[in-house]
Structure formats: C-alpha cells, structure tokens
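Engineer: Sharing a structure, written as structure tokens. Questions coming.
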Amino acid sequence: MLNTYCPYTESFRLYTGSNCTNRFKPIKRLSGLLVILTLTAFGVGCTPSPPDHRAQVTAPVYKAGDSTKGEKLYEDLCSQCHTLRPGSNKKGPQLVGVYMAPSAQLKDYKYSEALNKAHWIWDAKTLDSYIADPKSVLADTRMLSDPVPNAQDRQDIIAYLSTLGRDPLPVTKDSK
Ligand code: HEC
C-alpha cells in the first residue's frame, strides 16, 4: 500500500479513501445554513405588522362640545393609553379617525372579544356612553379607564375626537 496525500488533513498517510474526507466542509456548510435560518427567523419575527388606519373622517365636526377643552381633557384622561398616530397603539388603540368609524376596526391592534363583537359605530351616542363608564355598556371590554361622570366633559372630548383624522392617509414612516 502506498502513502497518499490527503489534502484535507494535509498529510501523507495510508489513506483508503474513506478516512481522507473533508471533515470540516459539511460543518461549515451547516453553520452557514444556521446563520441564514437564524437571520430569516429574526427578520420575520421583527417585521412589524403594517400600520392600519381608519378611513378619512368626512362627517361634520361635532359641535355640542368644545374641542379645545376636549383636547385638554383627552390629554389628562385618555392619552396615557391612546395615541393619535396611526401605527402606534399603546394599551388602547390609536384614536385617529375614530369618530363615526366602526368599532374594533384596526388590524394592528388586538381588541377584546367583547369589542370585536360589539359592531358599533362610534357616533356621539356610543362614544358618550362608552367614555362615561366602559364596563357598564360592555362588561368584558378591556378599556379599564376611570369613568368620566361629567356629561359636558364627555361632549368636549367627543368634539375633540371628531376633529381628528380629516387629512387623507396620515400614515407615514415616522408614525411611531
Ligand atoms: C387605562 C387605559 C385607557 C384609558 C385611560 C382610556 N382607554 Fe380607551 N381603550 C383602552 C383599551 C384597552 C381599549 C380596547 C378595549 C377593548 O378591546 O375592549 C380602548 C378602546 C377605546 C375605544 C374604541 C376604539 C376602537 O377602535 O374601536 C375608544 C373610542 C376609546 N377607547 C376612547 C377613549 C377615550 C375618549 C378615553 C379618555 C376619556 C379613553 N379611551 C381612555 C384603554 C384606555
């Protein structure tokens, strides 16, 4: 038997063929594959669901309340759980264009089963009763805000909400 050169171990030995194999190549290939798989998994996992938004509001602004006062009340009572930027939901869904929109409409927010099944339109009446005391009109809703007992405050908040979502397609890349 002749000693032959094995390029993988870079040595002359008595090789029969089966013991001169590239032990490293398959491992390299496998780890390359793993890197690709990991990157793909991360890529998929990190892809945000596309920001959803409600239709442009065309109904007249709600006049029974003062929207300037409503804005202040919104800041105090609602903004800790809601934003006014499409694609940016906090504890609650963003509220742009919610006035006169169907309830539980945003695909990028996970609503409670109860609100999903409510099929309301957020007009002044439904908004008023929901803001007044969410649990009393929808027992299993996840909106755990304090009741807003003052009727004029609620009208002001509704007036403010009705001014939002009037620009066409407000979704932008920096809407986080
Ligand atoms: C403690 C957090 C919290 C506060 C405070 C809060 N909300 Fe909410 N809101 C939520 C959550 C959570 C939901 C989703 C409810 C569900 O899925 O049942 C919600 C849902 C809503 C919806 C339904 C939106 C849709 O897409 O159907 C409206 C309208 C709303 N809130 C208005 C208000 C207003 C106005 C205020 C202030 C007066 C307010 N919320 C205060 C947490 C809050």
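Engineer: Residue separation times 0.36 nm, minus the C-alpha to C-alpha distance between Gln152 and Ala114: what's the value? Walk me through the numbers before you get to the answer.
Structural biologist: Numbers: separation 38, 0.36 × 38 = 13.68 nm, distance 2.73 nm.
Value of the extension gain: 10.9 nm.
Engineer: Another one. Output the Kirkwood hydrodynamic radius of the stretch 101-165, Cα pairs only, in Å rounded to one decimal.
Structural biologist: Working: mean 1/r = 0.0808 Å⁻¹.
By the Kirkwood definition, the hydrodynamic radius is 12.4 Å.
Engineer: Taking 0.36 nm per intervening residue step and subtracting the Cα-Cα distance, what contour gain separates Cys81 from Lys63 on full extension? Write out the running numbers ahead of the final one.
Structural biologist: Numbers: separation 18, 0.36 × 18 = 6.48 nm, distance 2.53 nm.
Length gained between Cys81 and Lys63: 3.9 nm.
Engineer: Using a Cα-Cα cut-off of under 19 Å, which aspartates and glutamates could be cross-linked to Lys135, ignoring same-chain neighbours fewer than 8 residues away?
Structural biologist: Glu113, Asp123, Asp146, Asp153
Engineer: Test of understanding: what is the full-extension gain from Thr163 to Phe12, defined as 0.36 nm times their sequence separation minus their Cα-Cα distance?
Structural biologist: On the way: separation 151, 0.36 × 151 = 54.36 nm, distance 8.40 nm.
Residue separation times 0.36 nm, minus the Cα-Cα distance, leaves 46.0 nm.
Engineer: Could you give me the percent of Cα pairs per 5 Å distance bin for the stretch 48-176, shortest bin first, beginning at zero and ending with the bin that holds the maximum distance?
Structural biologist: Binned Cα distances yield the sequence 2, 11, 21, 26, 23, 13, 4, 1.
Just so you know, all these numbers are worked out from the coordinates, no wet-lab data involved. Please read all numbers here as calculations on a predicted model, not as lab measurements.
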